[in-house]
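J.: Following this message is one structure expressed as structure tokens.
The values are calculated or read from the model by the stated rules, or taken from the named source; none is laboratory data. Note that the coordinates shown come from a computational prediction; the quantities given were computed from them, not determined experimentally. Counting neighbours? That spans all protein chains shown, and the Cβs are built from the backbone with ideal geometry, glycine included. Note: areas computed on protein heavy atoms with side chains; ligands, DNA, RNA excluded. Shrake-Rupley method; radii C 1.70, N 1.55, O 1.52, S 1.80 Å.
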Amino acid sequence: MFKLLKKEFALCMHPTSIPFLLFSLFVFIPNYPYEVMFFFSGLSVFFVCLTGRENGDLAFSCGLPVRKQEIALARMLFCGILQVALFVLAGVFTAVKEVCFPPEAQINLAGSTANLAFLGYGALLLGIFNLVFFPWYFKNPAKVGAPFIVAAAVQFFVIALLIVLRFTAPLFSQTLAAVDPLSMGAKVVVFTIGVLGFVGGTALAAYLSARIFARTDL
């Protein structure tokens with residue numbers, strides 16, 4: 001698996017993958033829907049898979065002495081590393097903003113406040129993307145666009161729902177939108193649910209993708 005992962009970094013890394021990680025700096029933009037940064041993580045995954053398709057990577061990998069399931073898992077592990085890197089950077093920059101900015105400057109009038117609950121939303125968005133995109137993609141790796149469009153649409157639906165709730169539901173507008181360390185109990189619950197959603201959704205996507213790709217005729 002380590003050698004397959006090394007191959008992913010060497011042959012499938014797209015030039016935009018690293019710059020997209022810096023979109024975690026979105027948390028410093030005043031009054032901006034910060035969850036959009038997690039869409040760009042999905043766009044990075046799309047470019048990785050598109051690069052792999054143009055390079056004939058999956059066909060090449062199937063000629064190696066490895067199981068097809070391992071090929072799918074290596075691709076997902078590689079993309080998962082990029083996603084976790086974005087999530088961690090978002091957490092770091094959120095913490096920096098909380099330390100360096102006064103509370104009134106941290107309130108977001110266009111969506112979620114950059115706080116612990118927001119990081120939970122982000123983790124959930126990543127898990128949702130993985131669960132929608134990867135099983136569909138590995139069913140027919142030659143067609144990368146359709147799975148990405150659907151996965152991105154689902155992400156934006158969830159983002160829009162979060163924005164609506166931010167201004168209509170007291171739980172989201174008062175409790176979860178408060179700056180840290182206010183209402184930390186509720187935020188810890190949301191953060192935990194989001195992380196579990198990412199882990200569970202990605203694990204299920206990996207299981208389904210490995211089974212599907214094992215039966216896929218390239």
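J.: Give the shape of the range 149-218 as rounded, prolate or oblate, defined through the alpha-carbon gyration tensor: a ≥ b ≥ c are the square roots of its eigenvalues, a/c under 1.5 means rounded, and otherwise the shape is prolate if a/b is larger than b/c and oblate if not. Spell out each step's value before the answer.
T.: Working: a/c = 5.32, a/b = 2.09, b/c = 2.54.
Judged from the Cα gyration tensor, the range 149-218 comes out oblate (a/c at least 1.5, b/c at or above a/b).
J.: Can you tell me, using C-alpha contacts under 8 Å and at least 6 residues apart, the relative contact order of the chain as a whole percent?
T.: Working: 276 pairs, mean separation 61.7, N = 218.
Relative contact order here is 28 percent.
J.: On to the next question. Hey, any idea what Rg/Rh is for the range 1-79, computing Rh the Kirkwood way over Cα pairs? Could you put the intermediate results ahead of the total?
T.: Details: Rg = 15.0 Å, Rh = 13.7 Å.
The Rg/Rh ratio comes out at 1.09.
J.: May I pose another question? Could you calculate the FRET efficiency of Ala146 with Ile18 from 1/(1 + (r/R0)^6), where r is the beta carbon distance between them and R0 is 30 Å, rounded to 0.05? Don't skip to the end; give the middle numbers.
T.: Numbers: r = 26 Å, r/R0 = 0.88.
Once rounded, the FRET efficiency stands at 0.70.
J.: Which residues does a label at Lys139 reach in the range 67-81, if reach means a backbone N under 19 Å from a point 7 Å past the Cα toward the Cβ?
T.: From the range 67-81, the list is 69, 72-73, 76.
J.: Just check the chain against the gyration tensor rule for me: Cα atoms, a ≥ b ≥ c as the square roots of the eigenvalues, rounded for a/c under 1.5, and otherwise prolate or oblate depending on whether a/b exceeds b/c.
T.: On the way: a/c = 2.43, a/b = 2.12, b/c = 1.15.
Cα axes put the chain in the prolate bin.
J.: Quote the relative contact order of the range 13-102 in percent (integer), defining contacts as alpha-carbon pairs under 8 Å separated by 6+ residues.
T.: Values: 50 pairs, mean separation 39.7, N = 90.
Relative CO of the range 13-102 lands at 44 percent.
J.: Say each of Ala85 and Ala10 gets a label point 7 Å from the Cα, pointing the same way as Cα to Cβ; how far apart are those two points in nm?
T.: 1.8
J.: Where Lys and Arg each count +1 and Asp and Glu each count -1, what net charge lies around Thr51 among other residues with Cβ under 13 Å from its Cβ?
T.: Result for the neighbourhood of Thr51: 0.
J.: Any chance you could give the angle, 0 to 90 degrees and rounded to 10, that helix 36-54 forms with the longest Cα principal axis of the chain?
T.: For 36-54 against the chain, the angle is about 10 degrees.
J.: Can I ask one more? What angle do you read, to the nearest 10 degrees and between 0 and 90, between the alpha-carbon axis of helix 184-215 and the longest principal axis of the chain?
T.: 10
J.: Pairs of alpha-carbon atoms within less than 8 angstrom and 6+ residues apart define the contacts here; what relative contact order does the range 94-218 have, in percent?
T.: Numbers: 137 pairs, mean separation 51.8, N = 125.
So the answer I get is 41 percent.
J.: Okay, next question. Hey, rough spin-label estimate for Phe60 and Ala214, points 7 angstrom out along Cα→Cβ, what's it come to in nanometres?
T.: My value for the distance between the label points is 2.6 nm.
J.: With a sphere of radius 14 Å drawn around the Cβ of Asn31, what net charge do the other residues whose Cβ falls strictly inside it have (Lys, Arg +1; Asp, Glu -1)?
T.: Computed value for this residue: 0.
J.: For the pairs Lys7/Lys97; Lys7/Lys139; Lys68/Lys143, flag any whose C-alpha to C-alpha distance is greater than 25 Å.
T.: Numbers: Lys7/Lys97 37 Å; Lys7/Lys139 22 Å; Lys68/Lys143 18 Å.
Result: Lys7/Lys97 exceed 25 Å.
J.: Using only Cα atoms, locate the centre of the range 79-93 and the centre of the range 114-165, then give the distance between them in Å, rounded to an integer.
T.: 15
J.: Please calculate how many Å² of accessible area the chain carries per residue, with a 1.4 Å probe and no DNA, RNA or ligand atoms counted. Present the calculation step by step, with values, prior to reporting the outcome.
T.: Working: 10020 Å² over 218 residues.
Each residue of the chain exposes 46 Å² on average to a 1.4 Å probe.
J.: Simple spin-label model, 7 Å along Cα-to-Cβ: Ala105 to Ala203 in nm?
T.: 4.1
J.: Rounded to the nearest percent, how much of the accessible area of the range 1-93 (1.4 Å probe, protein heavy atoms only) is carbon and sulfur? Don't skip to the answer; put the middle values down first.
T.: Values: 3120 of 4190 Å².
With neighbouring chains kept in place, the figure for the range 1-93 is 74 percent.
J.: Within the range 14-44, what residues put their amide N at less than 16 Å from the label point 7 Å along the Cα-to-Cβ vector of Phe167?
T.: Answer for this model: 31-35.
J.: How far is the Cα center of the range 31-59 from the Cα center of the range 186-218, in Å?
T.: Cα centroid of the range 31-59 versus Cα centroid of the range 186-218: 17 Å apart.
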